[in-house]
Every structure is written in structure tokens, then in C-alpha cells.
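What follows is one structure encoded as C-alpha cells, with my remarks underneath.
The values are calculated or read from the model by the stated rules, or taken from the named source; none is laboratory data. Predicted model, so just to flag it, every value in this text is computed and none were measured. Virtual Cβ from ideal backbone geometry, glycine too; neighbours counted across all protein chains shown.
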Amino acid sequence: MIAVFKTNINCPDQAKQLVQQIHKTFAGYKANFDLDDCDKILRIVADNGNIVITHFISWLKNNGCHAAILPDN
């Protein structure tokens, strides 16, 4: 499963730190940011096929990142 989020992350160092935390916390998730995109995109790929969106957004919020899922077009 792939999930794409709009975020409030602007700083590359903050994005790098958050990606490291995601990789430590969520086994099987691969994360990356596209800070050049106007929505400051965070992409998550789950090796196991499942991402619990509400749980993940809550986790992001607890780690200082406001995020919203972008619809799959």
C-alpha cells in the first residue's frame, strides 16, 4: 500500500529526522518527502500492505507534523 500525505514540514533537516523516526517506529514502512511540491508531500510505502491512516496521522501529530491524506486520483 502507498499513502500520500500533505504536510506542514518545510525544513529538510526536520523531514530527515521524521523519516528516521518513521523507519524506527514502523517496521516495513519506507518514507520519503518531496519538499519541492507545494503540498510538502510525505509518501509512505508499507511492505506488509497495510497502513492504518488514522493511527499514522495521530503519530505524526504527536511528532510535530500536521498531515492530511491526499486522495488517490
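Quick rundown of the values:
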quantity	calculated
Enumeration of residues in region 20-55 that are assigned to a helix (DSSP H, G or I), in contact with a helix residue (DSSP H, G or I) (Cβ under 9 Å, 6 or more places away or on another chain) and either without any contact (Cβ under 8 Å) to a residue 24 or more places away in the chain or surrounded by 17 or more Cβ atoms within 10 Å (Cβ to Cβ) (or both)	I22
Qualifying residue in region 48-66 (condition: touching a Phe, Trp or Tyr at 6+ places or on another chain (Cβ under 7 Å) and of a type outside the set (K, R))	no
Selected residue (criterion: nearest to F5 (Cα to Cα)) from residues of region 49-73 that are of a type in the set (G, A, S) and modelled with pLDDT under 95	G64
Single residue of A31, A46 found to be under 21 Å from D72 (Cβ atoms), modelled with pLDDT of 95 or more and small (G, A, S)	A31
Verdict on A68 being surrounded by fewer than 17 Cβ atoms within 10 Å (Cβ to Cβ), among the aliphatic types (A, V, I, L, M) and not in a strand (DSSP E or B)	no
